[in-house]
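Student: Here's a structure for you.
None of the figures in this text is laboratory data; all of them are computed from the coordinates on show. Since this is a predicted model, take the numbers as computed values, not measurements. Here the Cβ positions follow ideal geometry from the backbone for every residue, glycine too, while neighbour counts run over all protein chains shown.
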Amino acid sequence: MNALKHVTFAAGLALAPADVAGAEPADWRAIANERAVIRIADAIDRAVDAQDWKLARSHFADRVTADFSSLSGQPAATIASDDLIGAWAANLKGNKTSLHLRTNHQVVIEGDAATVRSNGYAWNRMEGNGDPLWEVWGTYEHHLAHSGAGWKVDGITFRMTHERGNPWVKATPGQ
């Protein structure tokens, strides 16, 4: 069993993605932290799409700096995470569904702070007023802090690069 553990660890190191400078993480803790923060960013998307607001909220610190200004026109603000999740829940409910995807994660970890940058795509679907789809592409930046509670998101930025579809779907809450 011990040999299998070492082979598995070696395989993990060989397959671990290099950062943008081409340097490999220094040890298994660095790899574990990198994977943990990527999993959190991805898990938020899955929870939102499942409309599991309690799970989505569990990935955030009590307060979060949220910047969706390129999408909403509203300035960035530091707010209670409950308010952010509440706004998402008020919009994405009932007959309005979503799908969020992200890829090309780049992670920087410095002590108890981490930044995950990724490309993102999302669509919302809701029947009722013409074309039922609205789509958006852009980049995400999640900032996380590590504490006794583990890694928690305390900052999230989305920079829209393109959108298409029915703006009514974007702006109208589900029923």
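Student: Work out from phi, with θ = phi - 60° and the Karplus expression 6.51 cos²θ - 1.76 cosθ + 1.60, the ³J(HN,Hα) of each residue of segment 136-149, listed in order in whole Hz, and give x for Gly and Pro.
Tutor: Going residue by residue, I get 8, 10, x, 10, 10, 9, 9, 9, 10, 10, 9, 8, x, 8 Hz, with x marking Gly and Pro.
Student: Using the Cα centre of segment 41-122 as the reference point, and only Cβ charges (+1 on K/R, -1 on D/E), how large is the resulting charge dipole? Debye, rounded to the nearest 20.
Tutor: Details: 8 positive and 10 negative charges, 58 e Å.
The calculation lands at about 280 debye.
Student: So how far, in whole Å, is the C-alpha centre of segment 50-85 from the one of segment 105-124?
Tutor: Cα centres, segment 50-85 to segment 105-124: 15 Å.
Student: Could you tell me which residue out of Ala32, Trp168, Pro132 lies farthest along the dipole of the chain toward its positive end? Charges go on the beta carbon: Lys and Arg +1, Asp and Glu -1, centred on the Cα centre.
Tutor: Comparing the listed Cα positions along the dipole, Pro132 ranks first.
Student: Further question: For the chain, with only Lys/Arg (+1) and Asp/Glu (-1) charged at the beta-carbon, what is the dipole magnitude about the Cα centre, in debye rounded to 20? Intermediate results must be reported in sequence, preceding the final value.
Tutor: Working: 17 positive and 20 negative charges, 71 e Å.
It comes to approximately 340 debye.
Student: Give a residue-ordered list of calculated ³J(HN,Hα) values for segment 33-48 (Karplus: 6.51 cos²θ - 1.76 cosθ + 1.60, θ = phi - 60°; whole Hz; x for Gly, Pro).
Tutor: For segment 33-48, the Karplus curve yields 5, 4, 5, 5, 6, 5, 4, 5, 4, 5, 5, 4, 4, 4, 5, 4 Hz.
Student: So, one more: Just need the relative contact order of segment 27-171 here, percent rounded to a whole number, with Cα pairs under 8 Å and 6+ apart. Display every interim value, and only then the final one.
Tutor: Details: 276 pairs, mean separation 33.1, N = 145.
For segment 27-171, the relative contact order is 23 percent.
Student: Further question: For Cα Rg over 2.2 N^0.38 Å, one of [x] 1.69; [y] 1.11; [z] 1.15 was computed from the structure I shared and the rest are decoys. Which label?
Tutor: Here the calculated entry is [z].
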